[in-house]
Structure formats: structure tokens, C-alpha cells
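As C-alpha cells, the structure follows; a few thoughts come after it.
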Amino acid sequence: MKEKDKKQISKFLSLILRHQPEKIGLQLDKNGWAWVIDILEKSKLKFTLKELEEIVMTNDKKRFSFNDDKTKIRANQGHSLKTINLELKTQVPPKVLFHGTIEKFIPSIKLEGLQKMNRQHVHLSPDQETAIKVGSRRGKPIILSINALQMHNEGYAFYHSENGVWLTDNVPVDFINLIPNNLTSEKLLDE
Ligand code: HQG
């Protein structure tokens, strides 16, 4: 398959499995699973089961998973649908996690910390490179480092998605540091 086609189908799968299954009259169960056969039938973009398997296997962020017998598929994270429960288990996070954002959001983040906005969780990256990519989707990236282990020790729950994204409900401003260009950490509030 051409990379362009794979990307287009991946975007379509993100749309229907995370945000708007009703776009094609698809049903997700309470844990976010959809029948593969339904997607193949209802999708206006036509692709085969074999092509779908290739997209799931080669997806750059491993966004989707099949169940054991490959009759069902779901998105591993990123949902805006509030009713979907991925049954993620809480996990102890590493000492530091990262979040990529842009300048324009910083004043609001300084006031209210990181909020989940339209999604089910705040998304945090295990390394700065990934956070830079996440922030770059919107413009010049600003990287925040998060004292995740300290948060955990103070009772905040962390989840680790199937594809390696760390998730939490919100990050209060006390646990956030701004990483300036020279990579020395600077307290967000003290700027
Ligand atoms: C910002 C992609 C103002 C936050 C990525 C972000 C990720 C605030 C935006 C995944 C704020 C929300 C998620 C506050 C947070 N005030 N702005 N208090 N708190 N924000 O897309 O983390 O390719 O919901 O900084 O790679 O950007 O779709 O979250 O800029 O893993 O698989 O509000 O989506 O993955 O944006 O990205 P998003 P995100 P996929």
C-alpha cells in the first residue's frame, strides 16, 4: 500500500474509533471495540482486511489494536468519547514525563495546569523527542517537564496506554517545569 493511502485510512480510523463512530453508523462497545467487518462494510474509503492489518501493524504510533482473533479493533488512546472505558490499569510513572505544547497555551497552563481539554486524559510523553513531535503539530513546540513520580507519590493516578503514551487526569502547575531551549529546567511559575 502507498504511505499516502495508509495515512488517510489511519486518520479515518482515528476519527471513527476515537471521536465520531456515528459518522459511518458504527457502534463501539463500552471498551471502545468495533467489529472489523462493520468498518470494512460501512467505510466509504474502501480497504481489505489484509490492508487494515498492514495499517495496524505498521502504524507509526501503534494507534490501534486488534482483539486476539482479529474480529474487533479499537484505538489505544486519544478518545474524546467520554463513555469509552479502556480499562487501563494504574502504573507507577517514571520520575519525569514530558508534554509538548505551544506558546499560546502557556498563560492558561500557568493558571490551571495541564487539563485534558477535549480528550479523556492529559497525554504525556516518555521522552523529549516525542513531546517535540506532539507540540510541532500545532506550531513551534514548547516542552514542559512533569514531576510525574512526585505526583504519583502525592496520590495522582497515572495510566500507560498500549502504545506507550502516559495518561493522567490533570497536572497541577506545581509539578510543571518549562524546558527552555538550553534544556535547563526552569520552574514554570518562577519565570
Ligand atoms: C493544551 C496525538 C490551555 C495542550 C499526539 C494541547 C498525542 C491547554 C491541547 C495526542 C491546557 C490539547 C494528544 C490549559 C492543556 N490551557 N491549553 N490549561 N492544558 N492544553 O490534541 O497532548 O497522532 O487534546 O498542551 O501525538 O496535543 O492523535 O492533546 O496542546 O499523543 O495519535 O491543549 O494526540 O496523537 O490538545 O495530543 P490534544 P495533545 P495522535
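In the condition set (1) free of Cβ contacts under 8 Å to residues at least 60 places away in the same chain; (2) within 8 Å of the ligand (Cβ to nearest atom); (3) touching a strand residue (DSSP E or B) at 6+ places or on another chain (Cβ under 6 Å), Glu103 is compliant with all but (2). Of all positions in the stretch 9-24, at least one carries a residue that is more than 26 Å from Thr130 (Cβ to Cβ), among the charged types (D, E, K, R) and either open to solvent by 80 Å² or more (accessible area, probe 1.4 Å) or assigned by TED's automatic domain parsing to the domain that holds His160 (or both).
Of all positions in the stretch 95-114, at least one carries a residue that is in contact with a Pro (Cβ under 9 Å, 6 or more places away or on another chain), open to solvent by 20 Å² or more (accessible area, probe 1.4 Å) and under 19 Å from Gln77 (Cα atoms). Residues that are at positive phi and not assigned by TED's automatic domain parsing to the domain that holds Asp60 occur at least once in the stretch 147-156. Just one residue in the set Phe47, Phe66, Phe98 is away from the ligand (no atom under 16 Å from the Cβ), within 19 Å of Glu162 (Cα to Cα) and of a type outside the set (A, V, I, L, M); that residue is Phe66. Screening Lys61 on (1) farther than 22 Å from Lys2 by Cα; (2) in contact (Cβ under 8 Å) with a residue 40 or more places away in the chain; (3) part of a loop (DSSP other than H, G, I, E, B) shows it passes everything except condition (1). Among the numbered conditions (1) in a helix (DSSP H, G or I); (2) surrounded by 12 or more Cβ atoms within 10 Å (Cβ to Cβ); (3) within 13 Å of the ligand (Cβ to nearest atom), the only one that Ile39 does not meet is (3). In the stretch 117-134, what residues are more than 7 Å from the ligand (Cβ to nearest atom), of a type outside the set (Ser, Thr, Tyr) and either surrounded by fewer than 16 Cβ atoms within 10 Å (Cβ to Cβ) or within 9 Å of Gly100 (Cα to Cα) (or both)? Leu124, Asp127, Gln128, Glu129, Ala131, Ile132, listed by residue number.
The values are calculated or read from the model by the stated rules, or taken from the named source; none is laboratory data. A quick note: this is a predicted structure, and the numbers were derived from the prediction, not measured. Cβ coordinates were reconstructed from backbone atoms using ideal geometry, including for glycine residues, and neighbour counts include every protein chain displayed. Only protein heavy atoms, including side chains, enter the accessible area calculation; ligands, DNA and RNA are left aside. Shrake-Rupley method; radii C 1.70, N 1.55, O 1.52, S 1.80 Å.
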